[in-house]
1. So in the stretch 70-114, with the set limited to residues that are in a helix (DSSP H, G or I) and among the aliphatic types (A, V, I, L, M), which one is surrounded by the most Cβ atoms within 10 Å (Cβ to Cβ)?
2. If you go through the stretch 154-192 one residue at a time, how many are among the aliphatic types (A, V, I, L, M), without any contact (Cβ under 8 Å) to a residue 60 or more places away in the chain and either part of a strand (DSSP E or B) or over 25 Å from residue 22 (Cα atoms) (or both)?
3. Any idea which residue in the stretch 43-69 is farthest from residue 32 (Cα to Cα), counting only those that are part of a loop (DSSP other than H, G, I, E, B) and under 23 Å from the mean Cα position of the chain (by Cα)?
4. For the stretch 176-198, which residues satisfy the criterion of being under 17 Å from residue 134 (Cα atoms) and surrounded by fewer than 14 Cβ atoms within 10 Å (Cβ to Cβ)?
Amino acid sequence: MKKKINFFEKFFNSRWRVCLLRYLFFHFSPIKIKEIKKFFGPKIFPFLKPEIKKLNQLSLLRKKGENYYLNENHFAFSEIKSLVSKFSPEFFEESLKKFKKVPSLIFLSFGGIFSPENVFLPLSEERLDILIVVKKNQKDIERKIAKIVSSLEKETGKELNFMILSEKEFKYRYSMFDKFIHSFFEKNPVILINKMRGINL
């Protein structure tokens, strides 16, 4: 007897479908294909074209003229939104592998949209998604980190706010009870690397 595949098994069998859905939920308002292509880039977009078609077939994505928009009346809309708001342990493991290639990295933490309760909040100066501390900040290190963050934005479907601090600057700001830094830690971020001494986080 052939096994019947339920809606969710069929729905979440594609990595790029999840990435596309996050992007759509983040932006929500009607979106043109060219905007999706601009965000993900020409290398990734070909993987998204069949996903756009599939979401349309599943009635989660609607097309009106040149615009696409999410169907809020879909029977699984709320469940799908809840599921794509969560980042898997595998996501953090893969992110960690990328950041481990950065020289002199001593602290790495994910907060902001990586917390399920904050994932669909709008981008703002107050929202910090990734906090990075290095022994000594240098331009080549900044470029490497920016490249990694850019790749993560494709996975999350959203522009990320990140901060790079030298160890000296971080310890000073933390000891002075910097409001921005302390508010980041108050929201229980995921700490992936912590090689700092003399500070209790």
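Throughout, read-outs are computed from the coordinates displayed, never taken from laboratory work. What you see is a predicted model; the values in this text were computed from it and never measured. Positions of Cβ are backbone-derived with ideal geometry, glycine not excepted, and every protein chain shown enters the neighbour counts.
1. 113
2. Here the count works out to 5.
3. 43
4. Hits for the stretch 176-198 are 194, 195, 197, 198.
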